[in-house]
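Down below is the structure, laid out as structure tokens.
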Amino acid sequence: MRPHDHTLIRDIDVFDHTYLPEYFNHRDAQLRELAYLIDPALQGGSPGSAILRGPPGTGKTTAVRRVFAEIEKISRNESARELVPVYVNCRQSHTLIAVYRCIATRLLGYMPPSRYLEDIRDGIAARLQEKDANLIVCLDDADYLIAAGTYNTLLYQLLRLYERWEDLRGAGIFAVTNDLRLNLYAEADCAVRSVFYPTEITFSPYTTAEIREILGDRVRQGLYPGVVPAGVLDLVAKVTADIRDIRTGIDLVRAATTRAGAEGRRRVTRRDVLDVVSGVKSPVLAARTAALTSGERALLYRLAEQSLSGDDAMMAGTVFEEVQEYLAVGKTTYHARLRRLADAGIIDLLWTRRGHEVFLRYPPGEIFSACARAGDRAPAGMG
Ligand SMILES: Nc1ncnc2c1ncn2[C@@H]1O[C@H](COP(=O)(O)OP(=O)(O)O)[C@@H](O)[C@H]1O
Ligand SMILES: [Mg+2]
């Protein structure tokens, strides 16, 4: 008997965040743009570059991984000039040496033995020369390179490989970010920009219908038939659309199924979903809160307080008057922060006849504890 026979799960890996899905719909336009940048390199020219931007869970990493897998397939075909795609997770690798190690490991098939950056770079160049290959590098979550101060150096060196090694071509760069405030092109300095002409590729949030379809595919692949009835899937899609991150939906399906299985049932119910929602949502809120500036968090904290203090609708203008003495910011900054909280998926701003109305997406109690965990127990209001 297989270990999961007594559960409802056919293939648990399908619910892993790094699982490469069999079906990848709703991203045709983005895939086409990426293919368009790569085509010239497969004909012997230089690959183009791109900046991929969109909120978390919109398929950016998956799109790149699919395109890269496709390149690997085509590149093995003798007729095409070799193009070597390298995926770098900058959350894990953000120093120069770490990024070059990733590239070298992919090219050589083993971790380069040297501890010296120059040796590793020479090794990469030698290998590219030997294979007569072009390089394309995905810098996923490139925000981490900016924080580490390595973004410009890396881009400069990779885009201008030919400066040091005449017979090499510049690499193509796919720089990816979840942070909608960050302009990865503007972050590049003049020297980089003179050779960096990225196509901007936008990944917008999925609609509820798209989410339902994506989760439906996952359910069919990962669970036994009939385990998640259509109505329950509708509910999961609705909750996921509210949180605006498809990962939450995948986690919800898995958690709700585990719960049903633990109680010996063959079918997931709406109750299962509702019972696991807060457990799945709270890490999302924690991550979003931690990514805010302390000033944005201070405002969030006050909004949660305000929401408890009255039964009336929370109007942005009224709240501004009431939090003035704590936050000591002008109207422009206040509205910019509100907008950021909305972009981060923590609040909703709805335009009504009376002005902007603020809605919290999470219960105030959860917001207080997320703010506390992020380090602002008693928000000072500045920052
Ligand atoms: N169009 C899609 N079809 C199927 N699965 C998807 C799709 N878009 C995203 N996913 C899944 O959602 C999760 C998050 O996607 P990911 O590419 O990591 O998003 P991002 O890099 O934008 O944060 C992954 O598990 C991925 O398989
Ligand atoms: Mg990603």
Check: Do we find that LEU338 is outside the structural domain of ASN178 (by TED's automatic domain parsing), surrounded by 15 or more Cβ atoms within 10 Å (Cβ to Cβ) and modelled with pLDDT under 90 in this structure?
Finding: no
Item checked: Only one of LEU161, LEU154, LEU139 that is crowded, with 19+ Cβ neighbours inside 10 Å, modelled with pLDDT under 95 and not aromatic (Phe, Trp, Tyr) -> LEU161
Next item on the list: For residues that are part of a helix (DSSP H, G or I), among the charged types (D, E, K, R) and within 16 Å of ligand 1 (Cβ to nearest atom), tally how many sit in the range 244-276.
Entry: 3
Note to self: Considering only residues that are surrounded by 22 or more Cβ atoms within 10 Å (Cβ to Cβ) and either more than 16 Å from ligand 2 (Cβ to nearest atom) or closer than 26 Å to SER114 by Cβ (or both), which ones fall in the range 46-62?
What the structure shows: PRO47, SER49
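This table checks each residue for (1) outside any loop (DSSP other than H, G, I, E, B); (2) in contact with a Leu (Cβ under 7 Å, 6 or more places away or on another chain).
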{"position": "VAL192", "(1), (2)": "yes, yes"}
{"position": "VAL228", "(1), (2)": "no, no"}
{"position": "LEU233", "(1), (2)": "yes, yes"}
{"position": "ASP242", "(1), (2)": "yes, no"}
Item checked: Condition broken by GLN92, with the remaining ones in (1) within 13 Å of ligand 1 (Cβ to nearest atom); (2) free of Cβ contacts under 8 Å to residues at least 24 places away in the same chain satisfied -> (1)
Note to self: As an exercise: evaluate ALA304 against (1) small (Gly, Ala, Ser); (2) under 23 Å from ARG181 (Cα atoms); (3) crowded, with 17+ Cβ neighbours inside 10 Å and give the number of the one condition it does not meet.
What the structure shows: (2)
Check: Residues in the range 63-72: is at least one over 26 Å from ALA147 (Cβ atoms), touching a residue at least 40 places away in the same chain (Cβ under 8 Å), surrounded by 15 or more Cβ atoms within 10 Å (Cβ to Cβ) and in contact with a Pro (Cβ under 6 Å, 6 or more places away or on another chain)?
Finding: yes
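Conditions tested, residue by residue: (1) outside the structural domain of ARG218 (by TED's automatic domain parsing); (2) over 30 Å from THR208 (Cα atoms); (3) modelled with pLDDT of 95 or more; (4) of a type in the set (D, E, K, R).
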residue: ASP5; (1), (2), (3), (4): yes, yes, no, yes
residue: LEU52; (1), (2), (3), (4): yes, no, yes, no
residue: THR58; (1), (2), (3), (4): yes, no, no, no
residue: ARG65; (1), (2), (3), (4): yes, no, yes, yes
residue: PHE68; (1), (2), (3), (4): yes, no, yes, no
residue: GLU72; (1), (2), (3), (4): yes, yes, no, yes
residue: LEU83; (1), (2), (3), (4): yes, yes, no, no
residue: HIS94; (1), (2), (3), (4): yes, yes, no, no
residue: CYS102; (1), (2), (3), (4): yes, yes, yes, no
Note to self: Any residue that is in contact (Cβ under 8 Å) with a residue 60 or more places away in the chain, out of contact with any Pro (no Cβ under 7 Å at 6 or more places or on another chain) and aliphatic (A, V, I, L, M) - is there at least one of those in the range 200-212?
What the structure shows: yes
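Among what's in the range 139-170 and is more than 23 Å from the chain's Cα centre (by Cα) and closer than 18 Å to LEU34 by Cβ, pick the residue that is farthest from ligand 2 (Cβ to nearest atom).
Across the range 139-170, the extreme among qualifying residues is GLY170.
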Item checked: Identity of the residue in the range 189-207, more than 16 Å from ligand 1 (Cβ to nearest atom) and under 21 Å from the mean Cα position of the chain (by Cα), that ends up surrounded by the fewest Cβ atoms within 10 Å (Cβ to Cβ) -> THR199
Next item on the list: Specify which of the listed residues (GLN30, GLN43, GLN92) is over 27 Å from TYR197 (Cβ atoms) and not basic (Lys, Arg).
Entry: GLN92
Checklist line | Every residue from the range 318-335 that is loosely packed, with under 13 Cβ neighbours inside 10 Å, in a helix (DSSP H, G or I) and over 29 Å from the mean Cα position of the chain (by Cα) | finding: GLU321, GLU325, LYS331
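The values are calculated or read from the model by the stated rules, or taken from the named source; none is laboratory data. What you see is a predicted model, and the numbers here were worked out from it, not measured in a lab. Note: ideal-geometry Cβ built from the backbone for every residue, glycine included; neighbour counts use all protein chains shown.
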